[in-house]
Amino acid sequence: SKGLGFAMAREFLTSGHRVVICGRDTETLARAEAALGRDGEVYATRCDVSNVADVQGLVQFARRKLGRVDVFINNAGRASATRKPLWELDPEDVAETCQVNTMGSLLCSQAAIRLFMEQLEAEPRPVQPRYHIFNFGFSVFGAQLSSSTVPHKSTKRGVAEMTQFLAAELKKNRLDHAIGVHECSPGLVLTDLLLKPDTPVALRRFFNTIAEEPDVVARFVVPRMLNMREANSEVRYLQFLDAFVRVVGGVPAILWGGRYFDKDGNRVGDGEFNEAGVRKLY
């Protein structure tokens, strides 16, 4: 209902596809649905992806509204409100991050595969994967580059590993001809997960080099999702070499400010931003 998920939903809609979105905050969800409704056919439902009943309800809702689901995106994520070390974080905060990022991806992947298997029963055997799951995790490089907390980095790295294990399981059970599962690594995206009110000025200036707005990343990843024909693949916005070149070439922006943040760490550019520097969507 916000951030990269919102941007991807808009990209799917403008490409002519119907979309179901979910989120935990009903007010935010309603505003997102209204904003996206101007671009196409979108349906919204409340869902806590770490809750079994909610995930089952989400799948039933999507099946009822869309008739058939072709792409399932596990983009829900949570990071701690501060960048404190693990021993200074509230245990409840750690638990919630693990529940949303790890349990949420597992439950949603399970529910999506069950849904896809039901749909396959009424269809001819496909010659290549027809249905796809995209799990948003961290590559090794992405995890090392991230300035987020240990619970966030470790769970998102775990999602990437889980995706590979799941792909192997699908292949072992001869389902990889019909269902694909893929890791998606969007890089550093200027959302509430990346930017906090206490984000250091030096780090904000660094974001000038390799961070991107959600709509930029969405325009890259969504077409690749729509054109996916493989059983197990990776969709990565930024490769290591590309990031290296950007950082080397972006030294002036790191020192004196650039396209997103000035030398004092203040947000620059068109539009409205919240106190952390995240662009307001609606």
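Which one of A167, G77, P126 has its Cα pushed farthest toward the positive end of the charge dipole of the chain, where Lys and Arg give +1 and Asp and Glu give -1 at the Cβ? Working it through, the farthest residue towards the positive pole turns out to be P126. Under 13 Å from a point placed 7 Å out from the Cα of V140 along the Cα-to-Cβ direction: which residues of the range 161-189 have their backbone N that close? It comes to 161, nothing else.
Based on Cα contacts under 8 Å between residues 6+ apart, the range 111-220 shows a relative contact order of 30 percent. Give me the net charge for the shell around A62: Cβ to Cβ below 11 angstrom, other residues only, Lys and Arg +1, Asp and Glu -1. Cβ neighbours under 11 Å give a net charge of +4. Here the range 1-135 is treated with +1 on each Lys and Arg Cβ and -1 on each Asp and Glu Cβ, and its dipole about the Cα centre works out to around 420 debye. Electrostatic tally near N274: other residues with Cβ closer than 10 Å to its Cβ, Lys and Arg +1, Asp and Glu -1, net 0.
In the range 43-180, the inverse of the mean reciprocal separation of distinct Cα atoms equals 16.1 Å; this is its Kirkwood hydrodynamic radius. Gain on full extension, evaluated as 0.36 nm per residue between A53 and E230 minus their Cα-Cα distance, stands at 60.6 nm. For the pair D25 and V216, the difference between a 0.36 nm per residue extended length and the Cα-Cα distance amounts to 66.3 nm.
Within the chain, DSSP assigns beta bridges of which about 15% are antiparallel (rounded to the nearest 5).
The charge dipole of the chain, taken about the Cα centre with unit charges on the Cβ atoms of Lys, Arg (+1) and Asp, Glu (-1), comes to about 520 debye, rounded to the nearest 20. Computed about its Cα centre, the charge dipole of the range 84-159 is approximately 380 debye, with only Lys, Arg, Asp and Glu carrying charge at their Cβ.
By definition, a body whose alpha carbon gyration tensor gives a ≥ b ≥ c is prolate when a/c is 1.5 or more and a/b is larger than b/c, and the range 30-92 fits this prolate description. Database note for the chain: Cys without another Cys beta carbon under 4.7 angstrom, C98, C108, C184. The slack between K172 and S147, meaning 0.36 nm per residue of separation minus the straight C-alpha distance, is 5.3 nm. Other residues lying with their Cβ under 12 Å from the Cβ of A160 contribute a combined charge of +1, Lys and Arg counting +1, Asp and Glu -1. Against the chain, whose longest principal axis is taken from its Cα atoms, helix 52-66 shows a tilt of about 70°.
Farthest toward the positive end of the dipole of the chain, out of W87, V140, A44, is the Cα of V140, where the dipole comes from beta carbon charges about the Cα centre.
Readers should treat all values here as calculations from the given coordinates under stated rules, not as data from a laboratory. Everything numeric here is computed off the predicted structure, so don't read it as measured data. Ideal geometry is used to build each Cβ from the backbone, glycine not excepted, and the neighbour counts take in all protein chains shown.
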